[in-house]
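Written out below as structure tokens is the structure these notes cover.
The values are calculated or read from the model by the stated rules, or taken from the named source; none is laboratory data. These numbers were taken from a predicted model, which means no experiment stands behind them. Note: ideal-geometry Cβ built from the backbone for every residue, glycine included; neighbour counts use all protein chains shown.
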Amino acid sequence: IGEFGDTSDDTNKNTISINGILSASGKDLPLGKNTALTVGSGGAITAANITNGNASNNNANKNTITNNGTITLSGSLTDAQTVTNTGSISADGSITGITSLTNSGADATLSATAISATSIDNTGLITAKDITASGVLKNALKDAILDGIVSNNYEEAIHFVIEKAATMGIYPAKQQTN
């Protein structure tokens, strides 16, 4: 499958809306620069990977993915500026390189081996062995240490991060020990 919706014009955005079923099993769906992919309620995508087709061109990533239906990937979802999910996203690989990830709603689910985003806003269910909300958790811990709320040691730091993540609806798969 060729690259979906590519434009070099930063002011225009290509829009791809899926309200039915897009079945591309075993195929990648590379999104062109400035592409908005929307899966409507009842819509579904099945593919290998959803990627930023321009990642190697050093283009600013301005792709957005809005899912209200179902996205099922045998691989990974990578390199999107914004991912908003009220449906179900399941990746046998990882969900990484996301700037802003929102998973909201009673039926919202994200499932992957690893999830990494600069910020994660979650009121749904996230299942992953490794979750990294680098911006939010890292900055909260740094500020807590600098403000004297948490001592600069592993035990207090991990306890603080786990509690902070819980306020975001993110829970460890298993308790880690030092």
Margin query: Anything in region 55-105 that is within 21 Å of ASN14 (Cβ to Cβ), in a loop (DSSP other than H, G, I, E, B) and modelled with pLDDT of 90 or more? List them, or say none.
Written below: ASN68, GLY69
Next item on the list: Please state which of the following conditions ILE45 fails to meet, knowing it meets all the rest: (1) more than 24 Å from LYS138 (Cα to Cα); (2) not in a strand (DSSP E or B).
Entry: (2)
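Please determine, by comparing only the residues of region 119-160 that are among the hydroxyl-bearing types (Ser, Thr, Tyr) and outside any loop (DSSP other than H, G, I, E, B), which one is surrounded by the fewest Cβ atoms within 10 Å (Cβ to Cβ).
TYR154
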Note to self: Taking the conditions exactly as written (in contact with a Lys or Arg (Cβ under 8 Å, 6 or more places away or on another chain), surrounded by fewer than 20 Cβ atoms within 10 Å (Cβ to Cβ) and modelled with pLDDT under 90), does ALA114 satisfy them or not?
What the structure shows: yes
Check: Hey, among the residues in region 1-21 that are modelled with pLDDT of 90 or more and within 18 Å of SER74 (Cβ to Cβ), which one's surrounded by the most Cβ atoms within 10 Å (Cβ to Cβ)?
Finding: ILE18
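Taking the residues in region 161-170 that are surrounded by 14 or more Cβ atoms within 10 Å (Cβ to Cβ) and under 21 Å from VAL83 (Cα atoms) as candidates, determine which candidate is modelled with the highest pLDDT.
Looking only at region 161-170, we keep the residues that are surrounded by 14 or more Cβ atoms within 10 Å (Cβ to Cβ), and these are 161-162, 164-165, 168-170.
Of the ones still in play, those that are also under 21 Å from VAL83 (Cα atoms) are 165, 168-170.
Working: ALA165: 80, MET168: 69, GLY169: 67, ILE170: 71.
By that ranking, first place goes to ALA165.
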Checklist line | Selection from region 127-151 of residues that are at pLDDT 90 or above and of a type outside the set (D, E, K, R) | finding: ALA144, ILE145, LEU146, GLY148, ILE149, VAL150, SER151
